[in-house]
Number of protein chains: 2
Amino acid sequence: MFKALSNPHRLRIFKELSTRLAGQVINEPPEAIQNCQCKFAEHLDLAPSTVSHHFKELRQAGLIHMKREGKNVLFWVDDKATKALQALLTV
Amino acid sequence: MFKALSNPHRLRIFKELSTRLAGQVINEPPEAIQNCQCKFAEHLDLAPSTVSHHFKELRQAGLIHMKREGKNVLFWVDDKATKALQALLTV
DNA sequence: CAAGCGATTCGAAAGATTTCGAAGTCTAAA
DNA sequence: TTTAGACTTCGAAATCTTTCGAATCGCTTG
């Protein structure tokens, strides 16, 4: 977990997912959640393949979850991990 | 902070310092606290210079503090950091 | 079915970490 | 003052990460 969040880009992705999706239900349509990887690629100025790699790392660390929904992929943060990290991220 | 704890050896050092020194006063004699780097070097099977480097990283991340006390050096964990991380480390 | 969009996998290059030994610093005691 | 113990600093080598482009996969829609 620490390893996954030790990278600034991944920490940023996780924080944005955490705050943006706070309290949202998983089953909403993708348009409402607006978290496709390509947006992060633009925002972070990284290649799509690089962003994909970072998402994979976050997923393998158990920090986020992913689910294919049509041509996009949905993301949401792990509830336990979020609560455990909340104190840290808000300092 | 995440970067500092992303290394298994550093995480172990920090955890041991946290648990071993929990509630101890800083001004006790070094013998009572028993946390010289050389013990960690033995324990982790690393060269003294490597251990020194890891302690430096933890210090620069604000996770621990150091103070020269005679020929040894005293270590103790940062109180804020400990409390913030406690929830995570005990899971 | 073909085209297109978004995400993934792969290999390679660049960059960062980890580790060590050797030399150096600081302090306490002989 | 010299010796010894504990830590630090400084390269250098090995290893791991990050990043990209190219090729590929999965799904939707024209």
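The values are calculated or read from the model by the stated rules, or taken from the named source; none is laboratory data. Quick caveat: nothing in here was measured; it's all calculated off a predicted structure. Ideal geometry is used to build each Cβ from the backbone, glycine not excepted, and the neighbour counts take in all protein chains shown. Just the protein is used for accessible areas: all its heavy atoms, side chains included, with ligands, DNA and RNA removed. Shrake-Rupley method; radii C 1.70, N 1.55, O 1.52, S 1.80 Å.
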Q: Check the axis relating chain B to chain A and name the residue of B whose C-beta is nearest, distance in whole Å.
A: B:S6, 2
Q | Calculated from backbone phi, Karplus (6.51, -1.76, 1.60) coupling profile of segment B:60-68 in Hz, x at Gly/Pro | A | 5, 7, x, 8, 10, 10, 9, 8, 5
Q: Note the distances from B:K67 to each other copy's matching label point, with points 7 Å along the Cα-to-beta-carbon direction, in nm, sorted shortest first.
A: 5.3
Q: Tell me the distances, shortest first, between A:K56 and the same position across the other copies, using label points 7 Å along Cα→Cβ, in nm to one decimal.
A: 3.4
Q. Ranked highest first by average number of other Cβ atoms within 10 Å, how do A:43-50, B:52-59 line up?
A. B:52-59, A:43-50
Q. Just the accessible area per residue of segment B:37-91, please: how many Å² with a 1.4 Å probe?
A. 63 Å²
Q: Among the lysines, select those whose C-alpha is under 22 Å from the C-alpha of B:K83, and discard any that sit fewer than 8 residues away in the same chain.
A: A:K3, A:K15, A:K80, A:K83, B:K3, B:K15, B:K56, B:K67
Q) What residues have an amide H closer than 5 Å to that of B:L74, excluding those fewer than 5 places away on the same chain, when H is modeled at 1.01 Å from N in the peptide plane? A) B:K67, B:R68, B:E69
Q) What is the packing order of peptides A:4-13, A:69-78, taking the mean over residues of other C-beta atoms within 10 Å and listing the highest first? A) A:4-13, A:69-78
